[in-house]
Amino acid sequence: MDVLRRVRLPCCLTVLGLVMLVRVDASEHNTACTFDLENKGEICFYQEFFFPGNYSFEFQVIKGGQRDVDVAIVAPDDSLIYNKEREKSGVHNWQTSVGTYKFCFSNAFSTFNRKLIYMSLMKQETAVLAARMGTKRPDDISAWLFVAKQIKESLDIVVELQNRYRRYEAVDRNNAMSLSARVQDWSLYQSVLVVVIGLGQMIVLKTLFTEKQTRRFSKP
């Protein structure tokens, strides 16, 4: 069972060989999810932006192998704006343009290990609340709107910190469970080895005493 809760997104899945494409509908809200990436597999998320804005993309490998993955962000004009190989985590902030961006994760270098990956796409606009309330200029806000803006920003920070601590807890728990499994396997191996060595010593000693008694009785 995954440590982090999976977030269902409106999407359309298309499987073609080892490549799985996921279509994510455009939204003004922040997006976060965890997903499994098979060995020798690749998965791409498509996000359409209708308006330019400042966004932050973050990912982290929760568990699987060495907890590394290849990540790439492709702009609407097919230019590569972010490309990292065999990274455990990362953050990228950039100014988006109108169009569809592609966020791809590749586990092609891994032969046996599947990965559990967390990704998030967060909007970094600070004047969105004032614009939605009908204020012409972001600086022209009343006292109550300023307080509401501060509360919203504080809650966004709290949510981000909670998600981050949850990911750290998931990574630590997976490491602890993996270490516990290895210790149990090694302890079982040592126990079996001790039993086998003990039986071997008993058989060898019994053979030695049996040979001595046979020689004594067979001597003229």
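Once the Cα-Cα distance is subtracted from the 0.36 nm per residue extended length, the Tyr168 to Thr207 segment shows a gain of 8.2 nm.
Each residue in Tyr82, Tyr165 was given a count of other beta-carbon atoms within 10 angstrom of its own, and listing them fewest first yields Tyr165, Tyr82.
By other beta-carbon atoms within 10 Å, ranking Lys152, Lys102, Lys206 with the fewest at the front produces Lys206, Lys152, Lys102. What FRET efficiency comes out for Gln124 versus Glu38 if R0 is 45 angstrom and r is the Cβ-Cβ distance? Round to the nearest 0.05. Once rounded, the FRET efficiency stands at 0.90.
Label sites at Val147 and Arg86, each approximated as a point 7 angstrom past Cα along Cα to Cβ, lie 5.5 nm apart. Report note on the peptides 111-117, 59-65: ranked by the mean count of other C-beta atoms within 10 Å, highest first, their order is 59-65, 111-117.
Multiplying the residue separation of Ser97 and Asp185 by 0.36 nm and subtracting their alpha-carbon distance yields 26.4 nm.
Laboratory data are not the source of any read-out in this text; all were calculated from the coordinates shown. Just so you know, these numbers come straight off a predicted model, no measurement behind them. Note that we place each Cβ from the backbone using ideal geometry, even for glycine, and neighbour counts take in every protein chain shown.
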